[in-house]
Every structure is written in structure tokens, then in C-alpha cells.
Amino acid sequence: MELKNKKWTHDEFYAIRKDILTQWPTGAEVDFEEAIKYHETIPTKKNFAKRLVKAKKNGETLTQPRAGVALLDEHINLLNYLHSEGEADLLPSTIDSYTRQNQYQNCADAIEESTKAGRSLLNGFPAVNHGVRGVRQLVERVNGPVQVRHGTPDARLLTEITLAGGFTSYEGGGISYNIPYAKSVSLEQTIYDWQYNDRLVGIYAEHGIEINREPFGPLTGTLVPPCVSHAVAIIEAILAAEQGVKNITLGYGQCGNLFQDIAAIKALEQLSEEYLAKHGYNDCTITTVFHQWMGGFPQDEAKAFAVISWGAAAAALAKATKVIVKTPHEALGIPTKEANAMGLRTTKQLINMLADQPFPMTTEVDVEVAMIKAETRCILDKIFEIGNGDYAVGSVRAFETGVLDVPFAPSKFSLNKILPARDNNGAVRLFDVGNLPFTQDIIDFHRGKIDERAKSEGRKASFQMVIDDIYAISNGRLVGRPR
């Protein structure tokens, strides 16, 4: 395996494909030419990629939950409930943890036990085990566009089966589905494996089939500075575009400060279009997704609804193309379908109320946009440099050296040297910039913001601030002030 950001030839792709489709018996159901014909029959209203393009054109912010259960009929009923009762614009199929680890026999056993128990014993939908035929039942019986959402380092068989089954959107990436999800899987391996997935989507595109790709934006979901998630998102967009992907959604996880959140979405869209064009990818459609708060939630339902509402308002004011919605049971475990629908309706109400209220480009937003862009450019340009003009190679080297670093990541391939904390207004800054390749003025900006908060709180800037901020929202505040 020689990793480089170069489009795979058909020969390179198909040489590997034979082995992928034999990993589990349902792989034999995949027939690419027949799958192309099947996609041509999918109505426009069920095409995820086309719905996103329409939303961007119209300035809409679409709603999408997370959801998935083991049994096919139950999963279909769940998604239709979220569409009808939750008013969800877009629908997910969240994949179970066994599938994410390629443990398909465990899935088979769990499906059998779930059937006996009359309830799901998996935390998601085992699409590989249900196969192309099962996935097509889902696509045909669900009343909306559906996306695969998972967290799988090696998702090649899952990609083959779900795309052949008719899914028109697929989440993940070689960095974003490794660093926050796995401990000991090498980044070089996952970037290579995800080139396969992107090349498959690219080959569908060569046959006129539009499939949306979405890297996972929030990463660890805990105080991730916008520049870090933006750098990963833009790299994964470039890697996907090189393999022929044409429709890409880039994501960002809510930090909580309204100015920073609005600025982050604006900066992400502008930077991604800039860097894709800079490297010659001029035919990609870019949309954005805003993830409601990914950190700790209050256990109290009323307080949880406040967190959901704040995320809904931020997404709407930022004009993100879609928003991933949380539930009032977020702190308690897997939500009921009723709770999931309530989170969706809450979000929809806020979006509708704010649809005609543009947020002005204030000085505060302008400053944040400029800072996020400057920070992200420092990271991206350094990665390109140390990769000798190759973002795939550069990404591996960046994580080795800390040029790119994700806070609180489980992966041993991330240095975990950076430490985020909030400033006095709740924006996420860096208490410790680690080895991020920032200019001195950016480092001084972060230090100044942290010191300003420390002075206001009458304490020294310390690691305790980081801890306090991690628990703050679940304890009823945005900034973890000393009590």
C-alpha cells in the first residue's frame, strides 16, 4: 500500500473490490450495473444529494435526526415516524457498533435475539446483514431521503451494500472516522480504505448517479476549536474530490457562542470552496451541516430542550444547509422515538421562526471569521508542505507531529497536546496550542482571551478551566465559572 492523494484507476479499484465483496455473504448481492439502473428509478424527492442542492439554492436549513434499530420493519417504522411526527426533512440510518467493527456474525446473532425479544438489541441498523435486498425495502418504504451514518474505520463492504441498495448519501472519512472512534487503527490505513469508498462514489458519478458524501465534522464533540474540525473537513473534501466525488457536505459541531458558531459555518463554506478551487476541483457542490451540541447534556428534559433550541437557532442564523438534531434524552441513553420526534419539532419550530431573519455581519462575527480562516490556513498550508504537496501523506505526518491534533481523541495516533477552554464570552479558544503551526499573533490572541477570562474570574488560567468547561452545559451554564 502506497498512500497518496491520487485518483485510483479502475484497475486498482476493481482489484481490491473482489475481496471486499466476499467479506460477508450479502456482498454477493451487489451488482454495480444493476445498481446504476436502480438508482435511475429513485424519485428526485428521495435523492439526498439533490435535496441538499435545492436547500442551498433556496436558503433552507433542513432537519435530520440520528436513529437506527436492528430489525428491518422496526427501522422503517421508526424512520417514517420521525418523518411524519418529527417533521424531519432528511432521514438517517445509524449503523450499529458491531458493523462498525466489521463483526457481522455478532450482528447476525443479535438480529436473531432481537427477533425473539421483540425489541432491538443493537444500537443501530445492521445494513450489511440485511443486504442489498433489505436496504432496498428500506429505501422504497421510507418517505424521504436517507443517509448512512456510522463511525466505521473500514466501511468498504458497508459502502458497497448501502449504495447498491439505493442510499444517496454517505457519512464518514479516513480521518474523521478514525481519530475520534478508534484507538489503534493507523491513519494511513483508514485514509487508504476511505479512498476506496470515495472512488466508488466517484464511479457512480461517472454513470450520472449523484451521491452525497459527508465527512464527520464534530470529531470528539468536546470543545473542538473550529480550525481543527475545519482543517479535517477540508482535507477530507479534497481527498473525496480527487476520487471523483461531486456533492460534499462539510460539518461543524456547535461550540455554544453564537458569534463563533455563525462565523464557523460561514468560514467553513468559504474556505472549502477556496481550497477546492485552488487545487483544481471546480465541479463540486459544497453544502454545510451544523451539529447541535455534542457534549454533555442536562438530564432534565426542560433544560435539554433549551440546549436543543439554542443549537437550532444557531444553525438557522448561520444558514447551514442542514442541522443534526439532538433529543431531550441525550444524557440518558438511546432515545425513544417520541423523544427523538420532540427534538425535531423543537428544532423545526425555531428554524421556521428565524427563516426570514438574516443575522447581520457584526464586527464580532467578522473578527471570528477572520481568525478561523487564519488558523485553518496555517494548519492546511503546513500539512500541504510537510506532505510535499500531498494532503493524504501530509495528514499522516501532521498527526504524528501535532501539526493537526484533536482534543480528547482516543486514537494513539493523535498527540492530544492541545487543550481547549472557553474565553470570557464562551467562545472556544486554546489554553494550550500544542504543536499547531500558528503564527505568533494567533498564539497571543488565544493567550490573551484565556487570560482575560482568568482575570475576570479571579483565578489563574489552569487546566481546571478545561475541566469546568467540559461539564458546564450539563450543569446549566456555557462557561465553567468557579462556584
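Structure shown: which of K54/K319; K6/K246; K412/K449; K4/K37 lie over 22 Å apart, alpha-carbon to alpha-carbon? Provide the component values of the computation, followed by the final result.
Values: K54/K319 14 Å; K6/K246 16 Å; K412/K449 30 Å; K4/K37 32 Å.
Check vs 22 Å cut-off fails for K412/K449; K4/K37.
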Exercise for review: Work out how much length N282 to K183 would gain on full extension: take 0.36 nm times their residue separation and subtract the Cα-Cα distance, in nm to one decimal.
Suggested key: 32.1 nm
Check your understanding: Near the amide H of R481, under 5 Å away, which other amide H atoms are found, from residues 5 or more places off or on another chain, if H is placed in the peptide plane?
Key -> none
Review point. Whole-Hz Karplus ³J(HN,Hα) for region 305-321, in order, using 6.51 cos²θ - 1.76 cosθ + 1.60 and θ = phi - 60°, x for Gly and Pro?
Key: 4, 5, 5, 4, 5, 5, x, 5, 5, 4, 4, 5, 5, 6, 6, 4, 6
Check your understanding: Could you name the aspartates and glutamates in cross-link range of K326, using Cα to Cα under 16 Å and dropping any fewer than eight places away on the same chain?
Key -> E85, E87, D89, D300, E301, E338
Check your understanding: Over all pairs of distinct alpha carbons, what does the Kirkwood formula give as the hydrodynamic radius of the chain, in Å?
Key -> 22.5
Revision key, fill the gap. Log entry: pair-distance distribution for region 69-172, C-alpha pairs binned every 10 Å from zero, whole % per bin is 17, 52, 29, 2
Check your understanding: Hey, what do the phi angles of region 33-50 turn into as Karplus ³J(HN,Hα) couplings, whole Hz, using 6.51/-1.76/1.60 and θ = phi - 60°, x for Gly and Pro?
Key -> 4, 5, 5, 4, 5, 5, 4, 5, 8, 6, x, 4, 5, 9, 8, 4, 4, 5
**Study point:** Karplus-derived 3J(HN,Hα), 6.51/-1.76/1.60, for each residue of region 197-202, Hz, glycine and proline x
**Key:** 4, 5, 5, 4, 4, x
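Mind listing which GluC sites (Glu not before Pro) in region 20-81 are in a DSSP loop and have 12 or fewer other Cβ atoms within 10 Å?
On the way: sites: E29, E33, E34, E40, E60, E74; in loops: E40, E60.
Passing both the DSSP loop test and the Cβ count: E40.
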Check your understanding: Cross-link partners among aspartates and glutamates for K278, C-alpha distance below 16 Å, same-chain residues fewer than 8 apart left out?
Key -> E236, E242, E269, D381, E385, D390
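Go ahead and estimate [θ] at 222 nm for the chain from helices alone: -39,500 (n - 2.57) per DSSP H run with n ≥ 4, summed, over the residue count, rounded to 500. Walk me through the intermediate numbers first.
Numbers: 17 runs with 243 residues, N = 483.
Mean residue ellipticity, 222 nm, calculated: -16500 deg cm²/dmol.
Can you tell me the length gained on complete extension of the stretch N77 to S456, counting 0.36 nm per residue apart and subtracting the Cα distance? The partial results should precede the final answer.
Working: separation 379, 0.36 × 379 = 136.44 nm, distance 5.21 nm.
Between N77 and S456, full extension yields an extra 131.2 nm.
How do F13, F431, F125, F216 rank when sorted from fewest to most other Cβ atoms within 10 Å of their own Cβ? Walk me through the numbers before you get to the answer.
Working: F13 17, F431 22, F125 34, F216 26.
Fewest to most other Cβ atoms nearby, the residues stand as F13, F431, F216, F125.
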Point to revise | Inter-part distance where region 419-462 and region 12-62 are each reduced to a Cα centre, Å | key: 44
Check your understanding: Taking the DSSP beta bridges in the chain as the whole, what percent of them are antiparallel, to the nearest 5?
Key -> 15
**Study point:** Other-chain or far-sequence residues with amide H under 5 Å of S169's (modelled H)
**Key:** V148, N212
Revision key, fill the gap. The long-range amide H neighbours of T94, using H built 1.01 Å from N in the peptide plane and a cut-off of under 5 Å, are A67, G68, F125, R149
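Under the definition of Cα pairs under 8 Å and six or more residues apart, what whole-number percent is the relative contact order of the chain? Walk me through the numbers on the way to the answer.
Values: 1009 pairs, mean separation 73.8, N = 483.
Rounded, it is 15 percent for the chain.
Computed from the coordinates by the stated procedures, all read-outs in this text should not be read as laboratory data. The model shown is predicted, which means the values in this text are computed figures rather than measured ones. Please note: Cβ atoms are built from the backbone with ideal geometry, for glycine as well, and neighbour counts cover all protein chains shown.
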